[in-house]
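For reference, the structure discussed in these notes is given below.
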Amino acid sequence: MTEAKNSSRTAWLTLLLAGAFEVGYALSVGGSHGFTVWSWSAVAVVFFLLTLWALSRALRTIEVSIGYAIWAGIGAAGAALLGPLFFEESLTPSKAIWLTVIITGVIWLKLADRPTRPN
């Protein structure tokens, strides 16, 4: 495997990790009730720092427009899917459809970032 290919793979894995940290941040902010519950607030700060660190590492290789959109999409979809498990939130069929649109968009953005092959 070439170094550039390995670097790209590492960047994408780091971006996925940043997305997971973003989900953790979103859920812990929800659990903090406006930063009034100190345990959830502390967890939110940790996830916030981790997600920014991982995102900034990934954006060294991935274009900002693609990386940020994917990071935000993972965070939004993950929080919407996991919110009902942790909090008294609902996941209606309408929400599920639009989450599918977001997830499909994230996948297509990843596919669009593939380098073109020389002839």
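The values are calculated or read from the model by the stated rules, or taken from the named source; none is laboratory data. This is a predicted model, so every value here is computed, not measured. Backbone-built Cβ (ideal geometry, glycine too); neighbour counts: all protein chains shown.
Some points to look at:
- Here residue 67 passes the criteria (1) closer than 17 Å to residue 113 by Cα; (2) outside any helix (DSSP H, G or I); (3) of a type in the set (Gly, Ala, Ser) except the one numbered (2).
- Qualifying positions in the stretch 9-60 - over 20 Å from residue 110 (Cα atoms), part of a loop (DSSP other than H, G, I, E, B) and among the hydrophobic types (A, V, I, L, M, F, W, C): 35, 37
- Applying a threshold of 6 Å to beta carbon distances and a minimum spacing of six or more residues, or different chains, the list of pairs starting in the stretch 84-99 at a residue that is more than 16 Å from residue 30 (Cβ to Cβ) and in contact (Cβ under 8 Å) with a residue 24 or more places away in the chain and ending at one that is surrounded by fewer than 12 Cβ atoms within 10 Å (Cβ to Cβ) and small (Gly, Ala, Ser) is empty.
- Criterion (loosely packed, with under 12 Cβ neighbours inside 10 Å, free of Cβ contacts under 8 Å to residues at least 24 places away in the same chain and among the aliphatic types (A, V, I, L, M)) met by exactly one of 64, 37: 64
- Considering the conditions (1) at pLDDT 95 or above; (2) in a helix (DSSP H, G or I), residue 6 is excluded by exactly one of them, (1).
- Flag if residue 79 is modelled with pLDDT of 90 or more, in a helix (DSSP H, G or I) and more than 22 Å from residue 10 (Cβ to Cβ): yes
- Matching residues in the stretch 1-43 - criterion: being in contact with a Ser or Thr (Cβ under 7 Å, 6 or more places away or on another chain) and either β-branched (Val, Ile, Thr) or over 24 Å from residue 85 (Cα atoms) (or both): 7, 8, 11, 43
- Residues of the stretch 34-65 that are among the aliphatic types (A, V, I, L, M) and either touching a Gly at 6+ places or on another chain (Cβ under 6 Å) or modelled with pLDDT under 95 (or both): 58, 59, 62, 64.
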